[in-house]
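Encoded as structure tokens, the structure appears first; notes follow it.
Read-outs: derived from the displayed coordinates by stated rules, not from any lab. The model shown is predicted, which means the values in this text are computed figures rather than measured ones. Every residue, glycine among them, receives a Cβ derived from its backbone with ideal geometry; neighbour counts consider all protein chains shown.
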Amino acid sequence: MVTIAPPVTLASLAAPKPSAKTRDAYGRAMTYLRVSLTDRCNFRCVYCMPAVGMRFQPREELLTDEELLRVVGLAAELGFTKIRLTGGEPTVRPHLVDLVRAMKAFPGIDEVAMTTNALLLGRLAGDLRAAGLDRVNISIDTLDPAKFRLMTRGGRLDLVWEGIEAAERVGLAPIKLNSVVLRGQNDHEVGELAQLTVDRPWQVRFLEIMPMEGVGAVHDEGLVTSEETQARLEARFGPLEPLPEAPGDPARAWRIQGAAGTVGFISPVSAPFCATCNRVRLTADGKLRLCLLRNDEVDLRDLMRGGADDDALRAELRAGIWRKPWGHKLSEGERDIRRGMSQIGG
Ligand code: SAM
Ligand code: SF4
């Protein structure tokens with residue numbers, strides 16, 4: 001599907017005005033900041049990192065805790081209400097619990113969530129909940145321990161499952177599980193994953209693989225569209241019941257008849273959701289990345305290290321958001337992405 005950017009209107013050409021919400025030139029309000037805490041990870045998932053040649057950034061190139069919190073505080077002033085911690089693997093960042101506490105304390109921040117592989121969540125979940133973390137999305141692509149080891153290049157499914165149970169026990173709810181569906185790897189298992197929602201109030205979300213830097217060939221060989229995954233689920237469970245769209249949620253939600261939870265489809269390749277995009281990303285090295293799949297970034301780290309005051313940073317944030325690209329151009333064959341998912345914060 002080709003996404004067509006709406007024309008920039010005369011009204012939208014006026015200089016951005018300070019307001020409760022910060023909008024881009026297309027009128028989309030940016031309220032959701034995804035914050036990558038690190039480019040490092042304790043897994044090496046096949047759809048996220050190449051088998052060889054992965055480079056991690058020297059620590060001095062990553063934002064310090066102080067720099068990170070400064071950006072989040074300014075974002076809160078500009079109308080951002082939701083923060084998602086991601087990475088790399090956010091749970092390997094030192095001082096994670098303190099960072100969550102500090103972020104949740106900014107006036108205007110209603111929700112702090114995290115996307116994690118859950119390997120370390122068994123021991124961290126209680127402290128994170130107490131610090132104010134609201135909920136978690138957990139990546140789990142298969143329920144077969146051997147396959148899990150292969151897809152994560154060494155990960156332990158039993159520990160991840162303990163992490164999921166701990167998250168549920170401490171109230172990091174609703175639990176959402178993310179599965180990237182890959183042909184010939186876990187595509188035959190989507191029914192088992194969806195089955196989890198029959199008795200549990202969870203959402204299991206099936207993601208289309210995106211052709212990020214380093215995994216282009218995995219995408220080309222392995223992409224399974226949401227339509228195909230849905231057909232597979234319907235062959236097993238019967239017609240899925242569509243649920244109302246949640247504003248700003250890229251997942252289209254459905255329910256297996258009579259199930260306690262829901263399944264979702266995230267379809268950035270076959271059905272882009274750019275029109276309703278409400279998010280920008282802060283990479284671990286301090287770039288405000290305006291669109292996941294485009295290279296336009298604002299170098300907040302260098303501005304801060306160059307002595308920029310808060311007014312100057314606010315102005316850069318607003319100007320960056322204003323020029324946020326309409327959307328990605330995967331359907332037109334453009335895939336000059338230059339960063340892997342773990343280097344952006346998926
Ligand atoms: N390490 C954490 C995790 O795996 O949940 C957080 C970071 S990870 C980069 C965030 C999400 O991106 C995960 O749900 C993962 O499955 C997804 N992801 C990674 N590479 C992807 C790709 N090439 N296409 C689509 N999703 C991808
Ligand atoms: Fe690590 Fe998450 Fe990427 Fe897997 S998807 S390698 S867990 S950052």
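Per-structure values
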item	result
Selection count, the range 270-309, where residues are in contact with a strand residue (DSSP E or B) (Cβ under 6 Å, 6 or more places away or on another chain), of a type in the set (Val, Ile, Thr) and assigned to a helix (DSSP H, G or I)	0
One residue from 92, 71 being more than 15 Å from ligand 2 (Cβ to nearest atom) and β-branched (Val, Ile, Thr)	71
Every residue from the range 224-264 that is buried (at least 18 other Cβ atoms within 10 Å of the Cβ), over 15 Å from residue 194 (Cα atoms) and among the aliphatic types (A, V, I, L, M)	224
Test: residue in the range 322-340 that is among the small types (Gly, Ala, Ser), within 16 Å of ligand 2 (Cβ to nearest atom), within 20 Å of the chain's Cα centre (by Cα) and under 25 Å from residue 211 (Cα atoms)	yes
Top-ranked residue in the range 108-128 [being in a strand (DSSP E or B) and either of a type in the set (A, V, I, L, M) or closer than 18 Å to residue 341 by Cα (or both); ranked as farthest from ligand 2 (Cβ to nearest atom)]	112
Complete set of residues in the range 21-53 that are within 20 Å of residue 292 (Cα to Cα), assigned to a loop (DSSP other than H, G, I, E, B) and out of contact with any helix residue (DSSP H, G or I) (no Cβ under 8 Å at 6 or more places or on another chain)	31, 50
Residue list for the range 100-124, filter: within 16 Å of ligand 1 (Cβ to nearest atom) and within 19 Å of the chain's Cα centre (by Cα)	100, 112, 113, 114, 115, 116, 117, 118, 119, 120, 121
Unmet requirement for residue 131, which otherwise passes all of (1) within 13 Å of ligand 2 (Cβ to nearest atom); (2) under 21 Å from residue 345 (Cβ atoms)	(1)
Which listed residue, of 127, 134, is of a type outside the set (A, V, I, L, M), touching a helix residue (DSSP H, G or I) at 6+ places or on another chain (Cβ under 6 Å) and more than 18 Å from residue 41 (Cβ to Cβ)	127
Pick from the range 138-159, criterion surrounded by fewer than 20 Cβ atoms within 10 Å (Cβ to Cβ) and in contact (Cβ under 8 Å) with a residue 60 or more places away in the chain, ranking: nearest to residue 187 (Cα to Cα)	150
Selection count, the range 62-75, where residues are surrounded by fewer than 19 Cβ atoms within 10 Å (Cβ to Cβ), aliphatic (A, V, I, L, M) and touching a Gly at 6+ places or on another chain (Cβ under 9 Å)	0
Single condition residue 167 does not satisfy, out of (1) away from ligand 1 (no atom under 15 Å from the Cβ); (2) under 14 Å from residue 114 (Cβ atoms); (3) small (Gly, Ala, Ser)	(1)
Test: residue in the range 203-220 that is free of Cβ contacts under 8 Å to residues at least 40 places away in the same chain and either within 15 Å of ligand 1 (Cβ to nearest atom) or not hydroxyl-bearing (Ser, Thr, Tyr) (or both)	yes
Residue within the range 96-107 that is within 16 Å of ligand 2 (Cβ to nearest atom) and surrounded by fewer than 17 Cβ atoms within 10 Å (Cβ to Cβ) present	no
Selection from the range 225-261 of residues that are closer than 25 Å to residue 279 by Cα and among the aliphatic types (A, V, I, L, M)	243, 246, 251, 253
Positions within the range 310-346 being within 16 Å of ligand 1 (Cβ to nearest atom) and not in a loop (DSSP other than H, G, I, E, B), in sequence order	330, 331, 341, 342, 343
The range 34-67, subset free of Cβ contacts under 8 Å to residues at least 40 places away in the same chain and among the basic types (Lys, Arg), residue nearest to ligand 2 (Cβ to nearest atom)	55
Among residues of the range 292-312, those that are hydrophobic (A, V, I, L, M, F, W, C) and either in contact with an Asp or Glu (Cβ under 6 Å, 6 or more places away or on another chain) or surrounded by fewer than 21 Cβ atoms within 10 Å (Cβ to Cβ) (or both), counted	5
